[in-house]
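The values are calculated or read from the model by the stated rules, or taken from the named source; none is laboratory data. Since the model is a prediction, treat every value here as computed from it, not as a measurement. Positions of Cβ are backbone-derived with ideal geometry, glycine not excepted, and every protein chain shown enters the neighbour counts.
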């Protein structure tokens with residue numbers, strides 16, 4: 001009999017435990033602030049950047065933090081050349097909704113680039129160095145490998161008909177004006193405005209999806 005009373009008491013205690021023991025919701029794939037990355041990944045990023053001749057204090061001086069590489073990628077709208085573009089699922093879905101809303105307003109948005117792996121980003125820098133560009137100039141154009149928003153699968157480069165890909169003239173287009181007015185409603189934000197804290201050149205075409213922003217239902 002005492003054993004039965006003890007079992008009943010244990011059941012009552014378990015029922016009274018706080019909800020903290022319940023399963024936690026998964027973290028968003030495209031958070032506003034990225035968590036610290038595993039030591040092994042950070043060490044790999046640092047090794048790659050040493051091989052490119054990037055100063056060891058470059059990231060810290062430019063307010064950069066190591067970023068994860070996206071996984072579970074899905075297809076986003078194809079690029080201006082008809083090639084496949086991938087992003088993480090919530091970003092791709094939000095991008096499709098944004099494209100549809102822009103089209104209803106008579107604005108045509110086009111994809112230039114989505115997910116790019118760290119290896120791909122490293123190749124971009126190496127090609128510039130091989131062609132005689134200084135590392136300082138290369139890093140004002142392309143993100144440091146391991147720190148690129150593109151590698152997260154949450155960022156996209158955009159254009160519109162009549163504007164060359166990744167060209168500053170996009171800032172004078174109707175499409176850019178529309179993005180400034182409506183992009184945030186779909187979770188998309190301009191990453192590198194003029195005079196940005198990262199030291200990158202102004203990139204009116206580069207937009208990052210942040211999952212904490214509510215998606216628009218237009």
Of all residues being in contact with a helix residue (DSSP H, G or I) (Cβ under 6 Å, 6 or more places away or on another chain) and part of a loop (DSSP other than H, G, I, E, B) in the range 201-214, which is nearest to residue 93 (Cα to Cα)? Just the residue, please. 211
Residue check, residue 151 touching a strand residue (DSSP E or B) at 6+ places or on another chain (Cβ under 8 Å) and assigned to a helix (DSSP H, G or I): no
Anything in the range 89-101 that is surrounded by 18 or more Cβ atoms within 10 Å (Cβ to Cβ), touching a helix residue (DSSP H, G or I) at 6+ places or on another chain (Cβ under 8 Å) and either closer than 23 Å to residue 152 by Cβ or not assigned by TED's automatic domain parsing to the domain that holds residue 185 (or both)? List them, or say none. 94, 95, 98
Residues (assigned to a loop (DSSP other than H, G, I, E, B) and either out of contact with any helix residue (DSSP H, G or I) (no Cβ under 9 Å at 6 or more places or on another chain) or assigned by TED's automatic domain parsing to the domain that holds residue 211 (or both)) located in the range 34-55: 35, 38
Limited to the range 181-200, what total is found for residues that are in contact (Cβ under 8 Å) with a residue 60 or more places away in the chain and in a loop (DSSP other than H, G, I, E, B)? 5
Working only within the range 103-146, note down all residues that are outside any helix (DSSP H, G or I) and without any contact (Cβ under 8 Å) to a residue 12 or more places away in the chain. 106, 131, 132, 133, 134
